[in-house]
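Report on the structure given below.
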Amino acid sequence: MTAMAGKAPAPAERRRRDWAPAGMVGVAMVATGAVLALLAVVFWLSFVEGTPGDPALVYTLDHYRAMFFDSFTYRVLWNTVLFSAMALSVALALAVPIAWLIERTDFPGKPLILTLMTTALLIPGFAVSLGWVFLLHPKIGLVNHWLMAVFGLSEAPLDVGNIFAMGAIEGMNLTPLAFIMTAAALRAMDPALEEAAATSGARPWQTAWRVTLPVLWPALLAAAIYVATIGFAAFDVPAILGLSRRIFTFSTYVFWVLTPSEGAPEYGSVACLSVLMTAIAALMSWAYRRAQRQAPKYAVVTGKGYRPRIARLGRAKLPAILGVALYFVVAQLLPLLMLCWAALLPYLQPPSAAALAAVSLNNFRNLPQALLWRAGTNTAILMAVVPTITLFASVAISWVVLRTRIRFRGVFDFLAFLPLAIPAIVFSVAALLIALFVLRSIVPIYGTLWILILVYVVARLSYGTRMTNGALIQIHTELEESARVCGASTGGVLRRVLLPLLMPSLVYAWIWIALLTYRELSLPVVISTSGNLPFSYLVWGFVQDSAYGQAAAASLIMLALMLPILLLYWLVARRAGIVALR
Amino acid sequence: MMFRLAALVCLSSAFAIGAAQAATVPMTPELAKVVKAAEAEGTISLRSTNTVFAGPEGAKFAQDAINKTFGTHLTVAWTPGPAYGPLAAILYQEKLAGQKSSTDVYTTTAVQMTPYLDKDLFRVVDWAKLMPSRINPDMVEAEGRALRFQTVLPGILYNRKAAPWVSSIETTADLLKPELKGKFYTTPFLAGFDVLLANDVWGVPKTEDFVRRLSPQLAGLAGCEATDRIASGEIPALVVDCSGGAVNRLKYRGKGILANHVIRDMAQKREDYLAIPVNAPHPNAAILYTLYVMTHEGQERMVYDLFGDDLYDFPDSHIHREADALAAKGIKFIDVTFDWWRAHPGLDKANAALAKLVRQR
């Protein structure tokens, strides 16, 4: 068993069997087995015509023929690639500098920045998208009206109804996600190399370009792959800004196919697209795996003691503060104001005297309180359980992949990454079918929170493993080797060496998965019933039916409840010394 | 035998006393049995999008009204769910798996329900016998599986201020005028255009030719839920809205912001139905819910005030007056019922193929 870890047991340990490696492999197998089961159902769906479960179901290749011979498929994919690339560029361009400022400089107000960054995920995407419509739409955009009046223009100069503007907006939405993924790596990085570069006379930008960025490469690659793939699946911005201009991306196309006005949802077509996306994701996973093979080069957490070097910003402090503030105003304050505005109105309208006269608290009063409470409780349970299980499984998978020599260990990482490529709603259908037709007589989870937990954990495994992979790559094996020489078992090494060193990344990942769980829209669509209704689906229901006021009111209530919890979370994390908030 | 008869009389009397408080529903022996069984079930579970059943507000109203009308103590619990089509697929999968259905009452149109009629998904109920004073056999369709409860008139849903030109639209040909290019939107699934595809209306070639010429005229696409965006002026007009904006237009009723305009050559009355899944956990309570919807009070205070439009079959209904006023102007409606839909097979697939034309810019 210990051979899997590639090391001989220390003499003191020989009498005890070391069960930890088997346990870790077992956890990795269960987690990736769940992924495999759901993927298998998606694959099966791509070959069938009709309602799953129906005895009259027929097997066909028509979905594949339709997909490959329809030029619209390629247009949708091209749009999605452009959208995703733009989103990725903007997200990384904003996130990496902010992460560096927070983790490696004396930038002030770090708990506030971390709280605001995490709060960003609590602002529903529809509010962000509608906010930009009200600002920049050619017909009703306030900024356009103002520019036309001031400069006497006959046409609106700005427009968000194009793929690049949509991508940029999505990029701003995804900045917090990229921030969290890169901040954790920056936090864990030994600054010895940077100090050596500085001692050798390198300028700060040279150090950043030649030392910091290359060392951060695995974490940046993980963030880039993850953010790009999230961009592929982004729904709110393409639905509100793109659909009205007939710009379809993958997510809006999938939604359109799965919610037809006539006939049954075309699960087969979407599953077929999902198989194509899985193939693309498999290529990305392969590229990522190749980068991982260089892992030892990026191990910067070594046995030598170190303290992260905090750079003094000096005169650059004010521009840095203004830059970060500008980001928060544009990317977060405006959507938040939009959310407040929508919550106070009976129906959505641009700011005007007439709109101000209609302002009231009716949307808050009219909220279904019992339902809100039930959904809020379910969401609280999901937010506690899903990240915990996900990270438990992620650590196990990363450890097996990066710290053992068992054959085919790469398959675990490969499988853990793939859920990212499958539209959440398709996963949801697959989970529904498994719960109804496979698990029903064994573990009846349909209609319970467990089915949501299962699907959420599987869907978040890709994110969890990117975070734990990145963090584990940075930890040099010499620390574990030292512990083993001192007689520690694998469990002891994990508990006393790896977990404390992984803790900053796990803390970031935990809160982030909790927030992603909070705002998950598509996964509950098919599997949520009265017994497991989550808060996000309640809000999404309001949005779907144009009840923006109630959706905004409910979101603000949750935001008000979550904000102090988030602040407390970061303060506790700082006190425990897990995150750098000096 | 005598004992059973006496018990039935007592039971009927007991429920009649409760019902007498509302005095709107004559208590037949059949109805009394349903009321008793519903009381034992205790709950009505509803699952739908927010606008269907009027969401939580509709559930609260229904609970109070049903209990008052039938003298029961039922709880009406509503949960958000997917749209008509996806929900029907889930209900069917639940049935195949031997699971109780996740909703006691399913509301839909003939389009979404027809594929499941031969799959024994919905319960056959003798609706007319349960409430003969309000339900006539014509309202009962699909061999007793579906009960008509609401009629909608799809048309152009528009912002009166941003699209005043809509009132001048007489026929679909008017939409092709060059001056209207880029001034209106349609749905990604071409809602309402399916009726044109019928051979006894336009047929596929003519409809396809029209949609090809319509596509360049469009400013873009929007779902039927985009009512707020129409009200804000971002989307001036939606040609055509799924339901004449009946449900989504509710909060704008009487405010002079939005209006629905029926186009003469694609005028259609679309019927909405209530059905009860065979595996409903509370079938008798579901029947009571459905029966309440058909009462005069249910039509006025729940269907019209909360769902958007009432049922054309009732001569005193709002939609009856509206449709008759349009008919007096020479507009002829296609009544999209189960019989009509079944008489025109393949329209859903043809319409889906047609919708691809409007996706392209």
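The values are calculated or read from the model by the stated rules, or taken from the named source; none is laboratory data. All values derive from a computational prediction rather than experimental measurement. Neighbour counts are summed over all protein chains in view; Cβ atoms, including those assigned to glycine, are modelled from backbone coordinates with ideal geometry. What goes into the accessible areas is simple: the full protein's heavy atoms, side chains included, and nothing from ligands, DNA or RNA. Shrake-Rupley method; radii C 1.70, N 1.55, O 1.52, S 1.80 Å.
How big is the gap, in Å, between the Cα center of the stretch A:231-273 and the Cα center of the stretch A:321-368?
28 Å
Can you give the accessible area of B:Glu141 in Å² (nearest 10), computed on protein heavy atoms with a 1.4 Å probe?
20 Å²
Along its three principal axes, how long is the stretch B:108-160 when you only count alpha carbons? Whole Å, largest extent first please.
On the principal axes, the stretch B:108-160 reaches 45, 31, 12 Å in Cα extent.
Could you derive backbone 3J(HN,Hα) for the stretch B:143-159 from the dihedral phi with the Karplus parameters 6.51, -1.76 and 1.60 (θ = phi - 60°), listing whole Hz in sequence and x where the residue is Gly or Pro?
In residue order, the calculated couplings are 6, x, 8, 9, 10, 5, 9, 7, 10, 10, 10, x, x, 8, 8, 9, 8 Hz.
What number, rounded to the nearest 500 deg cm²/dmol, is the helix-based mean residue ellipticity at 222 nm of chain B, given -39500 (n - 2.57) per DSSP H run of at least four residues and division by all its residues?
That comes out to -10500 deg cm²/dmol.
So for chain A, averaging the separation of alpha carbon pairs under 8 Å that are six or more residues apart and normalising by length, what relative contact order in percent results?
Across chain A, relative contact order equals 25 percent.
Shielding by partners for B:71-83, please: the mean number of other protein chain Cβ atoms within 10 Å of each residue's Cβ.
Average neighbour count from other chains, rounded to a whole number: 5.
When all alpha-carbon pairs of chain B are counted, what percent fall beyond 32 Å?
Summing the P(r) of chain B above 32 Å gives 34 percent of all pairs.
Under the definition of partner shielding as Cβ atoms of other protein chains within 10 Å of a residue Cβ, what is the mean value for peptide A:125-133?
Partner Cβ neighbours, averaged per residue: 1.
Scattering from the C-alpha atoms of the stretch A:121-208 alone, worked out with Debye: what is log10 I(q)/I(0) at q = 0.18, 0.19, 0.22, 0.25 1/Å?
-0.83, -0.88, -1.04, -1.17
I'm checking a number: the convex hull volume of the Cα atoms of the stretch A:436-530, normalised per residue, in Å³. What is it?
Roughly 129 Å³ of hull volume per residue.
Compute the orientation-averaged projected area for the stretch A:306-353 from the convex hull of its Cα atoms and round it to one decimal in nm².
6.0 nm²
First obtain the Kirkwood hydrodynamic radius of the stretch A:365-413 from its Cα pairs, then insert it into the Stokes-Einstein equation at 20 °C and 1.002 mPa s, and state the resulting D in µm² per second as a whole number.
The calculation lands on 159 µm²/s.
Let me know the whole percent of all Cα-Cα pairs from the stretch B:278-348 that are separated by more than 14 Å.
For the stretch B:278-348, the share of Cα pairs beyond 14 Å comes to 71 percent.
List the lysines whose alpha-carbon lies under 28 Å from that of A:Lys139, not counting same-chain residues fewer than 8 positions away?
Qualifying lysines at Cα under 28 Å: B:Lys161, B:Lys177, B:Lys181, B:Lys183, B:Lys251, B:Lys255, B:Lys356.
Just from its helices, what would the mean residue ellipticity at 222 nm be for chain A, if runs of 4 or more DSSP H residues each count -39500 (n - 2.57) and the sum is divided by every residue, rounded to the nearest 500 deg cm²/dmol?
Taking each H run of at least 4 residues, the total per residue is -21500 deg cm²/dmol.
Using the basic label-point model (7 angstrom from Cα toward the beta carbon), what is the A:Ala370 to A:Arg407 distance in nanometres?
About 6.0 nm, to one decimal.
Average partner chain C-beta neighbours within 10 Å, per residue of A:436-448?
Average neighbour count from other chains, rounded to a whole number: 2.
When DSSP assigns beta bridges and you keep just the ones with both residues in chain B, what percent turn out antiparallel, to the nearest 5?
In chain B, DSSP labels about 60 percent of beta bridges as antiparallel.
On the first, second and third principal axes, largest extent first, how far apart are the outermost C-alpha atoms of the protein assembly as shown in Å?
Dimensions of the protein assembly as shown along the principal axes of its Cα atoms: 93, 82, 52 Å.
Send over the per residue convex hull volume for the stretch B:199-244, Cα only, as a whole number of Å³.
Considering the Cα atoms of the stretch B:199-244, their hull volume per residue is 84 Å³.
In whole Å, largest first, what are the principal axis extents of the Cα atoms in the stretch B:19-100?
The Cα atoms of the stretch B:19-100 stretch 40, 28, 17 Å along their principal axes.
Above 16 Å lies some portion of the pair distances; for the stretch A:327-375, what is it as a whole percent of all C-alpha pairs?
Tail fraction, whole percent: 52.
Calculate log10 I(q)/I(0) of the stretch B:117-266 for q = 0.10, 0.18 Å⁻¹, where I(q) comes from the Debye formula with a single equal point scatterer on each Cα and nothing for solvent.
Rounded to two decimals, the profile gives -0.45, -1.01.
How charged is the neighbourhood of A:Leu147? Take every other residue with its Cβ under 14 Å from the Cβ of A:Leu147, and add Lys/Arg as +1 and Asp/Glu as -1.
Charge balance in the 14 Å sphere: -1.
Spelling out what I want: for every residue of the stretch A:122-137, take phi, set θ = phi - 60°, compute 6.51 cos²θ - 1.76 cosθ + 1.60 (Karplus), and round to whole Hz; glycine and proline get x.
For the stretch A:122-137, the Karplus curve yields 7, 7, x, x, 5, 5, 4, 5, 5, x, 5, 4, 5, 8, 10, 5 Hz.
Enter the mean projected area of the convex hull around the alpha-carbon atoms of the stretch B:228-312, in nm², rounded to one decimal.
Spelled out: convex hull of the Cα atoms, projected over all directions, averaged, 7.5 nm².
Setting aside same-chain residues fewer than 8 positions from B:Lys95, which lysines have a Cα under 21 Å from its Cα?
Reachable lysines: B:Lys119.
Running Debye on the stretch A:340-457 with equal point scatterers at the Cα sites and no solvent, what base-10 log of I(q)/I(0) appears at q = 0.10, 0.14, 0.20 Å⁻¹?
Those come out to -0.57, -0.84, -1.13, one per q.
Once phi is turned into ³J(HN,Hα) by the Karplus curve 6.51 cos²θ - 1.76 cosθ + 1.60 with θ = phi - 60°, what whole-Hz value does each residue of the stretch B:349-355 show in order, with x for glycine and proline?
5, 5, 5, 5, 5, 5, 4
Nearest-5 percent of antiparallel DSSP beta bridges in the protein assembly as shown?
55 percent
Of the options B:Thr337, A:Leu479, A:Pro319, report the single residue whose Cα projects farthest towards the positive end of the charge dipole of the protein assembly as shown (beta-carbon charges: Lys, Arg +1; Asp, Glu -1).
Sorting the options by dipole projection puts first A:Leu479.
So what's the stretch A:389-458 giving for Rg/Rh, alpha carbon basis, Kirkwood Rh from the mean inverse pair distance?
Using only Cα positions, Rg/Rh for the stretch A:389-458 is 1.05.
Going from the alpha-carbon gyration tensor of the stretch A:59-98, what semi-axes, largest first and in whole Å, does one get by taking the root of 5 times each eigenvalue?
Each semi-axis is the square root of five times an eigenvalue, giving 35, 10, 4 Å.
Compute the Kirkwood hydrodynamic radius of the stretch A:210-260, taking the inverse of the mean of 1/r over all pairs of distinct Cα atoms, and give it in Å to one decimal.
12.7 Å
What residues qualify as long-range amide H neighbours of B:Arg47, i.e. H under 5 Å apart, gap of 5 or more or another chain, H built at 1.01 Å from N?
Close amide H contacts, sequence-distant or interchain: B:Thr79, B:Asp104, B:Val105.
Just the number: Rg to Rh for the stretch B:16-158, Cα atoms, Kirkwood Rh, two decimals.
With Rh from the inverse mean 1/r over Cα pairs, Rg/Rh is 0.97.
For A:Met284, what is the net charge nearby, where nearby means another residue's Cβ is under 15 Å from its Cβ and Lys, Arg count +1, Asp, Glu -1?
Computed value for this residue: +2.
List every residue whose amide H lies under 5 Å from the amide H of B:Asp335, counting only residues 5 or more places away in sequence or on a different chain, with H placed 1.01 Å from N in the peptide plane.
B:Lys269
How would you rank B:73-83, B:267-277, highest first, on the average number of other Cβ atoms within 10 Å across their residues?
Taking the mean over residues of other Cβ atoms within 10 Å, the ranking is B:267-277, B:73-83.
Whose amide H sits under 5 Å from the amide H of B:Ala259, counting only residues 5 or more places off or on another chain, with H placed in the peptide plane?
B:Tyr158, B:Arg160
If the cut-off is 25 Å between C-alpha atoms, which lysines fall inside it for B:Lys68, apart from same-chain ones fewer than 8 positions away?
Within the straight-line limit of under 25 Å, B:Lys68 reaches these lysines: B:Lys33, B:Lys36, B:Lys60, B:Lys129.
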